[in-house]
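Below: the structure, in structure tokens.
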Amino acid sequence: RAFVTASQVVFVTDGEQRSALAVVRSLGRAGHRVYVCASRRRSLAGASRFARDEARVSDPLAHPDRFADEVRALLARWNVSVLIPIGDASLLALLPHRADLTRVLLPFPDETVVRRIADKAELLEVATRAGIAVPRQRTAMDSDALGALAAELAYPVVLKPARSVGEHAGQRAKLVVRHAANARDLERARHELSAAAYPVLVQQRIVGPGVGIFLLVWNGETIATFSHRRIREKPPSGGVSVYRESIPADPELVARSRALLDAFGWCGVAMVEYKMDERTGTPFLMEVNGRFWGSVQLAIDAGVDFPALLLRASLGEEVRPVSAYRTGIRSRWFWGDVDHLLARLRHSPAALSLPADTPGRWHAVRDFLRVRAGDREEILRADDPRPFARETAQWFGAVIR
């Protein structure tokens, strides 16, 4: 039965992440009481005027059980009704304790579904069966197997751990994507990869713009749809977007993405990321993030308020699906864009694993300075300036250190 959602007490983890700030702002503006935790003092989201309080907790990656215990204590202290984990490590630390959270709503699928969709090897196998293009790839189960592949590969290649959070000998580690332009680069990466990184997917590198399809699926219905293209990223060769633009959602990509999520029995928010091959225009699947993504603020600015919609849908309120939004809206993460520019100024395109025809340093400077009228700053907001001030102090502190 549909009902109108009353004000909720919401607890948001990973306050140091930009997506946490976007969620706090969204739900705070909607009239909910929002609390934040983070594994560092003075978090980004905790600085927001929409955060009622913030607490420091253990790192969910290094100490998942301790983190879960501390979160449960905070849930009781603040009488929380809704828990929203932001990062992969937090989600994986909290989902096993779902049965203990009898009075707290956790609007995510069960642990098995989350782990399956986060497994890039299984994801790409399912995508292939669904007719979605995926990069050519080989799988290395350990360091020796990766070394044995070196002479057989067509370079450049991308080295992707099968999971973003790896586990080995009882320890968890955050894993990153690496690039190899030749066998020498691959050998260097092989020696730097930890045992937790394996299995590693060795993929054909797709050169072209990144396009995201963002969906909220609840009880079999698509509640929200959004799409953006990446303009600049950190690191420049591919990573988190620092400057991006809302674009019309390609109906075919939306249908493919929804079918892919359905194959896993997904329920909740998800980002389905593609690379558009610049030679053929073919969209190649890169990954799926089953959580709030870093640039969720752009979707909110364009008119698709994913956090508020997720909360309303998960609480049983009748929600009208949202698929129309403003296109051409651009959003910049300022300090991330500064990092992008500094990387371009300090290193050659080859050193950054960029295509050979990438424009030079002064082109990067010109692009950074060319701010369009109407562009949105992701962190700096006139009605909530403290997060930007806190981030700025932390950025300069890191530079000094």
(message) So for segment 211-353, averaging the separation of alpha carbon pairs under 8 Å that are six or more residues apart and normalising by length, what relative contact order in percent results?
(response) 31
(message) Is there a quick way to get the dipole size of the chain? I mean about its Cα centre, with the Cβ of Lys and Arg at +1 and of Asp and Glu at -1; what is the value in debye to the nearest 20?
(response) 980
(message) Quick check for you: with a 1.4 Å probe and neighbouring chains kept, what is the accessible area per residue of the chain, in Å²?
(response) 44
(request) Please turn the phi angles of segment 34-40 into ³J(HN,Hα) values with the Karplus equation 6.51 cos²θ - 1.76 cosθ + 1.60 (θ = phi - 60°), one per residue in order, whole Hz, x for glycine and proline. (result) 10, 10, 9, 10, 7, 8, 10
(request) Just order 76-87, 339-350, 357-368 by mean Cβ neighbour count inside 10 Å, highest at the front, would you? (result) 76-87, 339-350, 357-368
(request) Provide the gained length on full extension for the span Ala389 to Gln204, in nm with one decimal, where the gain is 0.36 nm per separating residue minus the Cα-Cα distance. (result) 62.5 nm
(message) Once the cut-off is 39 Å, how many percent of the Cα-Cα pairs in the chain end up in the long-distance tail?
(response) 15
(message) Considering only C-alpha atoms, what is the centroid distance from segment 28-80 to segment 339-397, in Å?
(response) 29
(request) Could you run the Karplus curve 6.51 cos²θ - 1.76 cosθ + 1.60 with θ = phi - 60° over segment 210-222 and give me ³J(HN,Hα) per residue in whole Hz, x for Gly and Pro? (result) x, 10, x, 10, 10, 9, 10, 10, 9, 6, x, 10, 7
(request) Would you please give the residues with an amide H less than 5 Å from that of Val322, counting only those at least 5 places away or on a separate chain, with H modeled from the backbone geometry? (result) Ala224, Thr225
(request) Kindly state, as a whole number, the per residue volume in cubic angstrom of the convex hull around the alpha carbon atoms of segment 257-385. (result) 165
(request) Report the charge-dipole magnitude of segment 36-185 in Debye, nearest 20, computed about the Cα centre from +1 at each Lys and Arg Cβ and -1 at each Asp and Glu Cβ. (result) 560
(message) Tell me the net charge near His228. Cut-off is 13 Å between Cβ atoms, His228 excluded, with +1 for each Lys or Arg and -1 for each Asp or Glu.
(response) +2
(request) Please list the non-local residues whose amide H lies under 5 Å from the amide H of Arg332, H modeled 1.01 Å from N, same-chain partners needing a gap of 5 or more. (result) Arg376, Glu377, Glu378
(message) From the alpha carbon gyration tensor of segment 219-316, can you work out the equivalent ellipsoid semi-axes (sqrt of 5 times each eigenvalue) and give them in Å, largest to smallest?
(response) 23, 17, 12
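Per residue of the chain, what 222 nm ellipticity follows from adding -39500 (n - 2.57) for every DSSP H run with n ≥ 4, rounded to the nearest 500?
The per-residue figure over the chain is -10000 deg cm²/dmol.
The values are calculated or read from the model by the stated rules, or taken from the named source; none is laboratory data. In this text the structure is predicted, and so the values were computed from the model without any measurement. Counting neighbours? That spans all protein chains shown, and the Cβs are built from the backbone with ideal geometry, glycine included. Heavy atoms of the whole protein, side chains included, go into the accessibility calculation; ligands, DNA and RNA do not. Shrake-Rupley method; radii C 1.70, N 1.55, O 1.52, S 1.80 Å.
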